[in-house]
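Peer 1: Quick one: the structure is below, and I'll ask about it shortly.
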Amino acid sequence: MLTFIDILINFCVNFADPMDFIPANIKPYLNFIHPPLMWILLATSLYAMYLGFQIRKTRSATGDEKKKLIQGKYNIRHHQIGSIVLAVMVLGSIGGMAATYVNNGKLFFGPHLLAGLGMTGLIAVSASLSPYMQKGMDWARYSHIGINLVIVGLFGWQALSGVEILQRIISKM
């Protein structure tokens, strides 16, 4: 009976270079998954931001206007979309780095990588403020808003620098 260690050793012996595990004809196309995913994520992030501003508007509204805004369930939608943004940003960041490594055998240390890693860390911090916001802590709300505005700003820059990177990849094909 084969153990996990036997299987792992067999894998390592048969694939001396882990990049051999991915067929060569598929590798170049890995570069084209990250960019559209991130553009969709940017749009989704802007929608989450809109929902967040609607929550603030609901919080400060009164009377019939508040009743109407509450029916929009912006808080629930913001939380759900925000959770999706968090998950996709973390996985998209890892996926982008993995595709780069698979195709080049290294990561390119530069502003796009650093900004992406920074955004990934910032979104984790932003999400971690959720329990404090639910308890009504204004410092957490303002921090959440500020962090997310920084993320969206970096995201816009990332989108443009990512297009430049994609153009370089296409020109080398």
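The values are calculated or read from the model by the stated rules, or taken from the named source; none is laboratory data. Note that the structure is a prediction, hence the values are computed from the model and not measured. Cβ placement follows ideal geometry from the backbone for every residue including glycine, while neighbour counts extend to all protein chains displayed.
Peer 1: Is there any pair with a first residue in region 125-140 that is free of Cβ contacts under 8 Å to residues at least 24 places away in the same chain and a second that is of a type in the set (Phe, Trp, Tyr) and surrounded by 10 or more Cβ atoms within 10 Å (Cβ to Cβ) whose Cβ atoms are under 6 Å apart and which are 6 or more apart or on different chains, and what are they?
Peer 2: Ala140/Tyr132
Peer 1: Restricting to region 64-118, name every residue that is more than 16 Å from the chain's Cα centre (by Cα) and among the polar types (S, T, N, Q).
Peer 2: Of everything in region 64-118, those that are more than 16 Å from the chain's Cα centre (by Cα) and among the polar types (S, T, N, Q) turn out to be Gln71, Asn75, Thr100, Asn103, Asn104.
Peer 1: Here is a follow-up. What is the number of the single condition among (1) at negative phi; (2) out of contact with any Lys or Arg (no Cβ under 7 Å at 6 or more places or on another chain) that Gly136 does not meet?
Peer 2: Every listed condition holds for Gly136 apart from (1).
Peer 1: If a residue counts only when it is modelled with pLDDT of 90 or more, which helices (runs of 4 or more DSSP H) contained entirely in region 1-106 have at least 1 such residues?
Peer 2: Once the helices (runs of 4 or more DSSP H) in region 1-106 are filtered for at least 1 residues that are modelled with pLDDT of 90 or more, what remains is 34-60, 63-71, 74-104.
Peer 1: Please verify whether Leu37 is free of Cβ contacts under 8 Å to residues at least 24 places away in the same chain and surrounded by fewer than 17 Cβ atoms within 10 Å (Cβ to Cβ), treating the condition exactly as stated.
Peer 2: Details: free of Cβ contacts under 8 Å to residues at least 24 places away in the same chain: no; surrounded by fewer than 17 Cβ atoms within 10 Å (Cβ to Cβ): yes.
It is false that Leu37 is free of Cβ contacts under 8 Å to residues at least 24 places away in the same chain and surrounded by fewer than 17 Cβ atoms within 10 Å (Cβ to Cβ).
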